[in-house]
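The values are calculated or read from the model by the stated rules, or taken from the named source; none is laboratory data. A quick note: this is a predicted structure, and the numbers were derived from the prediction, not measured. Neighbour counts run over all protein chains shown; Cβ positions are idealised from the backbone, glycine included. SASA here: full protein model, heavy atoms, side chains in, ligands and nucleic acids out. Shrake-Rupley method; radii C 1.70, N 1.55, O 1.52, S 1.80 Å.
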Amino acid sequence: PAPIPPALDRQLRPYQRLGAAWLWHLRAHGLGGILADEMGLGKTAQAIALLAAAAANDGGTALVICPASLLENWRREAVRFAPELKVFVHHGARRLGAPADFAGLQLVITSYGTLARDRALFAGVGFAIVVADEAQHIKNPPTKQTASIRALRTSHRIALTGTPVENRLSELWSILEFCTPGYLGSQGDFRKRFA
């Protein structure tokens with residue numbers, strides 16, 4: 001099991017504990033992955049359990065990237081499930097100005113669009129964990145959003161999505177290229193072998 005803070009652990013359903021344990025296992029072995037539960041099953045809670053366990057054990061700053069419409073939901077859920085985390089929403093007029101500004105923050109939440117606009121700032125920070133929520137937003141390899149998220153420096157990458165494949169199998173390659181760079185080979189090789 002993941003070393004989830006007891007107050008948060010009591011709020012999780014058994015399958016959410018199992019999901020958090022799986023995410024913790026991936027992290028312990030230096031692997032990224034996709035949590036592809038269906039909508040409404042608590043992917044956010046499972047990810048927050050991972051982030052809280054990591055903050056309590058290792059420290060560092062975690063980054064969550066999500067659609068702008070979900071920023072407030074992520075902030076609210078972080079406060080609900082892990083009130084001990086120091087959280088900052090980097091968006092709109094409230095944005096950090098330099099990599100040093102991330103020091104002391106345990107969770108930074110931003111949108112895909114803001115990440116692309118502030119790519120140079122984020123590239124200067126080493127993150128403990130990066131979580132891509134609604135990861136279908138990075139299903140197209142040539143977009144600025146996808147390039148920006150792949151440029152992030154981190155040792156652990158997790159994607160959350162209910163739809164890892166919407167139209168083409170190559171979308172799965174794009175998301176996994178973020179989670180585990182190089183694991184499925186080049187895009188061309190993947191297309192020849194699988195798509």
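Find the centroid of the Cα atoms in segment 175-195 and in segment 71-124, then give the distance between the two in whole Å. When both Cα centres are located, 29 Å separates them. Taking a ≥ b ≥ c as the square roots of the Cα gyration tensor eigenvalues, with a/c under 1.5 meaning rounded and otherwise prolate when a/b beats b/c, else oblate, which class fits segment 92-195? Prolate is the answer for segment 92-195, as a/c is 1.5 or above and a/b outweighs b/c. Hydrodynamic radius of segment 1-62 by the Kirkwood approach over all distinct alpha-carbon pairs: 11.7 Å.
Residues in segment 15-73 average 41 Å² of solvent-accessible surface per residue, probe 1.4 Å, ligands and nucleic acids excluded. Per-residue ellipticity at 222 nm from helix content only, as computed over the chain with -39500 (n - 2.57) for each DSSP H run of at least four residues, stands at -11500 deg cm²/dmol. Taking every DSSP bridge with both residues inside segment 71-192, close to 10 percent are antiparallel.
Backbone N atoms of segment 74-96 closer than 15 Å to the 7 Å Cα→Cβ label point of A68 belong to residues 90-95. Expressed as a whole percent, the accessible surface of the chain that belongs to carbon and sulfur atoms is 54, based on a 1.4 Å probe.
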